Amino acid sequence: MDITRLFTTHRKLLLVGFLVLILIFITTFPLYGGAYPTRVLTTILMYAIMAVSWAMFSGATGYMSLAPAAFFGTGIWSMVLLQDYLPFPVIIVVGSLISFALALLIGLVTLRLKGIYFTIFSFGLVVFISNIVNYVEVKVFHTHGRYLLLMDRTMLLYTMLGLAVVTVLAIYFIRRSRLGLAMQSIGGNEEAAEHMGVNTTMVKVLTFAISAIFMGAAGVVTAPSLSYVNPDIAFSLSYSFLPILMAVFGGMGQLYGPIIGAVVFGYLEKTLKAQFATYFMLGFGIILVVVILFLPNGIVGLAPMLRDKLGGVISKLRKGGEAEQHANT
């Protein structure tokens, strides 16, 4: 049995083993890693949650949402307002539910829109919420920002790791449920799905709201590591564009595609942004264009493409060899 057939036969087993090794590495990392590497790893896990959550809705339905920053910022601001009144685990739950309720309300109003109209509205939603929060902060509370209580970075890492595991498992089972099949049918042909009896509006709204749960929770866990936030930081548009780039780069066809993109660009965002702040987002934009043009299925689609091309070359060589052998005989 060759390597290709071995990998195909035992792909799930190998993938599970690889994920176990990653979990062991992350769990033991604080024992030998420093404070800065721990923060980088926490950021990578945060982006993995954002990218996988975004891909669950937009990748399956084909609706391009630019709203992740709205739900992530809602989680951050939940931590800002509740840190003096509730325990940290309770705030995570509350922030998730507020993000869910916000997404549910927005989805009921906007997910009857299609194509570019929904994309434009989701982008405007981030700007609108940011300006509303900023107005309330300045006019009502007379502040321009808030300080957050410092928390142990190792504890934040483990919390983000647990949230990432819950997110991946939840989305894994959702994609294999009737709701997941309905989402895929919408992405394939929404009109055909409606004719087959799928309540497309309900499916889109529910999926949109579920994805917001994990984004809001990630915002709550991220907030203490920021130390200081204002509306511009909490609702930064980079929290919308970077997860999209990561998901597209990694590939949305497989659940682990956005995770690969988050690992690559989460590390680059944390290590290169300080040195190349002016050209950082420009470079990300160029990479996104290149990936869309030449790797429409992302990194996870590169292996099958190379395998098919390599298989074609090997097949031609074999046929050429057999023809030459036949000619010699």
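The values are calculated or read from the model by the stated rules, or taken from the named source; none is laboratory data. As the structure is a prediction and not an experimental result, all values here were calculated from the model. For neighbour counting, all protein chains shown are included, and Cβ atoms are generated from backbone atoms with ideal geometry for every residue, glycine included.
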Practice problem: Out of G107, G162, G145, G95, report the one residue that is in contact with a strand residue (DSSP E or B) (Cβ under 8 Å, 6 or more places away or on another chain) and closer than 21 Å to G219 by Cβ. | Solution: G145
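Output the residue which, of all residues in the stretch 97-115 that are within 21 Å of the chain's Cα centre (by Cα) and β-branched (V, I, T), is farthest from G188 (Cα to Cα).
By that ranking, first place goes to I98.
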Quiz item: What residue, among those in the stretch 141-151 that are out of contact with any Pro (no Cβ under 8 Å at 6 or more places or on another chain) and either within 19 Å of Y85 (Cα to Cα) or aliphatic (A, V, I, L, M) (or both), is surrounded by the most Cβ atoms within 10 Å (Cβ to Cβ)?
Solution: R146
Quiz item: If a residue has to be in a helix (DSSP H, G or I) and more than 16 Å from F57 (Cβ to Cβ) to count, how many in the stretch 173-216 make the cut?
Solution: 5
Self-check item: Qualifying residue in the stretch 294-302 (condition: over 24 Å from T42 (Cα atoms), at pLDDT 65 or above and loosely packed, with under 13 Cβ neighbours inside 10 Å)
Solution: yes
Practice problem: Find the residue count for the stretch 121-140, including only residues that are under 20 Å from the mean Cα position of the chain (by Cα) and closer than 16 Å to L81 by Cβ. | Solution: 0
Exercise. Specify the residue that is modelled with the highest pLDDT; the eligible residues are those in the stretch 88-116 that are assigned to a loop (DSSP other than H, G, I, E, B) and loosely packed, with under 14 Cβ neighbours inside 10 Å.
Key: R112
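Conditions (1) under 20 Å from K270 (Cβ atoms); (2) crowded, with 19+ Cβ neighbours inside 10 Å, marked per residue:
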residue: I186; (1), (2): no, yes
residue: E191; (1), (2): no, no
residue: K204; (1), (2): no, yes
residue: T222; (1), (2): yes, yes
residue: V229; (1), (2): yes, yes
residue: S238; (1), (2): yes, no
residue: L242; (1), (2): yes, yes
Self-check item: Unmet requirement for S236, which otherwise passes all of (1) outside any loop (DSSP other than H, G, I, E, B); (2) under 17 Å from the mean Cα position of the chain (by Cα); (3) within 22 Å of V40 (Cα to Cα)
Solution: (1)
Quiz item: Just a yes or no: is a residue in the stretch 28-49 part of a helix (DSSP H, G or I), under 22 Å from V205 (Cβ atoms), modelled with pLDDT of 90 or more and not hydroxyl-bearing (S, T, Y)?
Solution: yes
Quiz prompt | Matching entry among A70, A60 (being buried (at least 24 other Cβ atoms within 10 Å of the Cβ), modelled with pLDDT under 90 and assigned to a helix (DSSP H, G or I)) | solution = A60
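Can you confirm whether R112 is touching a strand residue (DSSP E or B) at 6+ places or on another chain (Cβ under 9 Å) and over 28 Å from Q254 (Cβ atoms)?
The answer is no for R112.
Identify, from the list K204, K270, the residue that is touching a Phe, Trp or Tyr at 6+ places or on another chain (Cβ under 8 Å) and not β-branched (V, I, T).
Just one listed residue meets the conditions, K204.
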Quiz item: Is it true that V138 is of a type outside the set (S, T, N, Q), outside any loop (DSSP other than H, G, I, E, B) and in contact with a His (Cβ under 8 Å, 6 or more places away or on another chain)?
Solution: yes
Quiz item: Within the stretch 117-136, can you find the residues that are under 19 Å from E191 (Cβ atoms) and either in contact (Cβ under 8 Å) with a residue 12 or more places away in the chain or polar (S, T, N, Q) (or both)?
Solution: F118
Quiz item: Does V248 satisfy being surrounded by fewer than 24 Cβ atoms within 10 Å (Cβ to Cβ) and not charged (D, E, K, R)?
Solution: no
